[in-house]
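> Here it is, the structure, as structure tokens.
The values are calculated or read from the model by the stated rules, or taken from the named source; none is laboratory data. None of the values given here were measured: they were computed from a predicted structure. Note that each Cβ is placed from the backbone with ideal geometry, even for glycine, and that neighbours are counted across all protein chains shown.
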Amino acid sequence: MPFFAWLAQTRRLIRLARVSSTGVHIEKLIFDPDVFLRESIRLPADLAEQQKIATILDTADQELTLLRRQREALDQQKRGLMQRLLTGKIRVRASEKTP
């Protein structure tokens, strides 16, 4: 099932779901399974391969989440340091020019 959870997030399946739905507002859309089932979707036939793909995507998603958190922490640290510089709590010495 994790493979299908990832598959459901792809642009192609999202577009296919929208095309298979009628209505003017997202809360009032009516999904037509007949239209949806007319389209073909290529899937790995081997269950083990599906599981490997899902595992790789889960790992990549976890890494992206970790990197985003690190970036947020660095941005917050930078804002704090800039605030201390601008208020004069920290002074920066002029660096010597190297030839």
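> Return the pairs, sorted by first residue and then second, in which the second residue is of a type outside the set (A, V, I, L, M) and in a loop (DSSP other than H, G, I, E, B), the first residue lies in region 24-41 and is surrounded by fewer than 12 Cβ atoms within 10 Å (Cβ to Cβ), the beta carbons are less than 8 Å apart, and the residues are 6+ apart or on different chains.
From region 24-41, the pairs are I30/G23; P33/S20.
> Quick check on region 49-99: of everything there that is modelled with pLDDT of 90 or more and of a type in the set (K, R), which residue is nearest to F4 (Cα to Cα)?
Restricting to residues being modelled with pLDDT of 90 or more and of a type in the set (K, R), the top hit is K52.
> Taking the options T65, T55, name whichever one is exposed (fewer than 11 other Cβ atoms within 10 Å of the Cβ) and either in a helix (DSSP H, G or I) or not charged (D, E, K, R) (or both).
T65
> Let me ask something else. Just to verify a result, which residue in region 11-23, among those that are touching a strand residue (DSSP E or B) at 6+ places or on another chain (Cβ under 9 Å) and outside any loop (DSSP other than H, G, I, E, B), is surrounded by the fewest Cβ atoms within 10 Å (Cβ to Cβ)? Steps first, please.
Of all residues in region 11-23, those touching a strand residue (DSSP E or B) at 6+ places or on another chain (Cβ under 9 Å) come to 17, 20-23.
Remaining after also requiring outside any loop (DSSP other than H, G, I, E, B): 17, 21-22.
Values: A17: 14, S21: 15, T22: 11.
By that ranking, first place goes to T22.
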